[in-house]
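Written out below as structure tokens is the structure these notes cover.
Only the coordinates and a few stated rules stand behind these numbers; no lab work does. Nothing here was measured: the structure is a model prediction, and the numbers come from that model. Here the Cβ positions follow ideal geometry from the backbone for every residue, glycine too, while neighbour counts run over all protein chains shown.
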Amino acid sequence: MSLDIGRHRSFNARRNRLGDAFFPVYDRLFDSEGDFVTEFDRKLKQAQLSTPVELYLSRSLAIGLIVGMVLWIAGTSLGYWLFALSIIEVGPLLGARIPNATLLWLIETLRVPFLIVVTGIIFGSIGFVAGFGSLVLLPYSKASARKREINLLLSDAVSFMYALSVGGLNQLEIIESIARAEDTYGEISHEFQSILYETEYFDTDYRTAIRHQALLTPSEELSQFLTDMLSIINSGGDLESFLDDKKDKHMRTAQHEQEQTLESLELFGEMYMTLSLFPLLLIVVLVVMLMMGEVDLMVMYLTVYALIPLIGVAFLIMVATVKKDEPGDGYLSVEAGEAILDTRRGVFDLGLVDRFAEHSDFGVFTRMRIREAGRSLGGFLRRPHRFFIVNPMYSLVATLPLAVLLVTVSITSGAAPTSWSELIAQPVWGTFVLLYLPLYLVLVPFGVFVEWDRRRRHRITDNLSEELRKLSSANDTGMTLLESFKTVAETSRGKLAEEFHEIHSKVSYGMTLREALLQFNNKYHIPRLARTVKLVAKAQEASSEITDVLTTAAKTSENHDEIERERRARTRMQITIIVMTFLTMLAVIAILKVQFLDVMAGLSGGMDTEQSGAVSGMDMSGSIDTETLNLLFFHAVTLHAIMSGFIAGYMRDADLQSGIKYAVALMSAALVVWMVVG
């Protein structure tokens, strides 16, 4: 650990020396009081990068110049190799007539050196722009990412602050609480940490610190909230009423932003229908041109193996710029005395036994560790699905080697094609063995466990709003929060009621309520659930009568439910468009295969010599390799099925793993159709 820290410090020292060496270049090129430097300094602070603007820009210039010099040397060498060694013949550059013989001789003499120098300059310029520009854009990118997360979490953060104010905390305690809730509110907590650190380490009063942070935060919404909160604090107004109003306002804002996002996704769905059908139109045109002998078959290869995947990846990137996933991993951090509760442990971590064994020399703990390891292994062997449900990614450890082994055995035994010509001769079988079967082995178990885990979590969040309402009503009758958990567990059904009963049982056997709530949350680690549990756990520390807090949590959860229902209803139409677009492409290419390729193959095979000579002027089948086109058509619909499936899943849940089930289903449809027509 100390070695890593030493290397990190050494690396930073070298970077600082590099920036110091190029500071005169920065001082000559930039005005320290200019608009660009001032705005860039603000972006550095918004991105929470502590490097001074002068040093950062100096270092960026240094890296840009170094990369530019390296590419300049490479470009000059490439130009010399291409032009001086006559790899590329250099003809007239402009084609202009030069009447002066001396001038013409001079131009012909300097033409090759000129091209070499220009090539080096172009490469060097690209290197400088790439090196300097990427570092300059980094703070803008980080500030934008922080702004996005702040805006996503602001509604829940304001509800959290309101719940704390209802619990009797003053403004300083509220600021401190949300600053320490980094595990739940991420970048918003970082903003309030800046306020807290400025008051603690720079002896600044908290009003001035709030004003400074309102000017520095990358989010305009948070800036407005801090400014309004400062006005309430300065005027001695009711902070609780202010937070209540802001809570409702930001809930409405979240719904409005969700509406805009869904409208953008609808537009993207229509765009995808057009873009994804472009390869189909191009394939039809290329087949006609191949029939006329006016295009090379390589263009068809590029269309199938390059254009279709590129369109899918580009569309995924475009959707990712609009589709908003839920920030956070859903885990709540534990405090020093609660280390035994941290469920985020490795696969081979035995938890409490390991912690005791590491700090003890007694052999009994070693024997306990061995027995616990055996018990864990036995439990895994008896019910392996339980482990893979919680950790779907580990299913790849078993399925990937199996898929590779299956392909290897198929190739070595001769069951699968070993060359491109053999694959052309057996398009369906060869593609099934080399592509479909390995993908089925990998994706089907992985997708099953992903969906199993997703449904397991949804069983908790589906009734969360209703159960929070029941908790609020029970607490309002005078019951403690623990008694409310017991009452709701006895009068409700479902997985969440079972978890409430388990929470009550754990507390009855000596565990604190906070610890039981943290264990419950970290068992499912859902970001939305984590914010609710954090709110309740923090409020119950101040008082057991938290009816208003539970009501606030229920309202926040209901707002999430409404947004989720609207999102699912609207994205269902986009998924339908994507699936119908794929089915359209599949149907058209299948018809093209049956009505065109099969007819062409029949014509070329059914004519005798006399007939072929009679229609030699009209015979168009000879220029078409129907078997290769058959394979390319099958691969085109297969690649389109895979890309469409993952795009549908990402539009549905902002998660590529959610697209596995769609990809497998569409691939299967393509396979079944081609087994019939291919």
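Peptides 669-675, 309-315 ordered by packing proxy, namely the average of other Cβ atoms within 10 Å per residue, highest first: 669-675, 309-315.
The distance between label points at THR38 and THR491 comes to 6.2 nm (points 7 Å beyond Cα on the Cα→Cβ vector).
Relative to one another, the C-alpha centroids of region 106-167 and region 393-424 are positioned 42 Å apart. The simple spin-label model puts a point 7 Å past each Cα toward its Cβ; for LEU482 and SER77 those points are separated by 7.4 nm.
Take the Cα of ALA145, go 7 Å toward its beta carbon, and the backbone nitrogen atoms of region 36-79 under 14 Å from that spot belong to 47-49.
Taking other residues whose beta carbon is less than 10 angstrom from the beta carbon of HIS190, and scoring Lys, Arg as +1 and Asp, Glu as -1, yields -3. Using the alpha carbons alone, the radius of gyration of region 135-187 stands to its Kirkwood radius in an Rg to Rh ratio of 1.12.
Evaluated at q = 0.13, 0.15, 0.18 Å⁻¹, the base-10 log of the normalised Debye intensity for region 196-306, with identical point scatterers placed on the Cα atoms, takes the values -0.70, -0.82, -0.98. Restricting the chymotrypsin sites (Phe, Trp or Tyr not before Pro) of region 432-537 to loop positions (DSSP other than H, G, I, E, B) with no more than 10 neighbouring Cβ atoms within 10 Å leaves TYR509. The peptide list 471-480, 421-430, put in order of mean Cβ contacts within 10 Å with the highest first, becomes 471-480, 421-430. Show me the trypsin sites (Lys or Arg not before Pro) within region 455-562 that DSSP assigns to loop and that have at most 16 other Cβ atoms within 10 Å of their Cβ. Those satisfying the criteria are ARG493. Using a simple spin-label model with pseudo-atoms 7 Å out from Cα toward Cβ, ALA21 and MET271 lie 4.4 nm apart. Each distinct pair of alpha carbons in region 152-253 adds a 1/r term; the inverse of their mean, the Kirkwood radius, is 13.5 Å.
FRET efficiency for the LEU302 to VAL676 pair, using the beta carbon distance and R₀ = 25 Å, is estimated at 0.35.
Between the beta carbons of ARG568 and THR51, assuming R0 = 35 Å, the FRET efficiency works out to 0.20 to the nearest 0.05.
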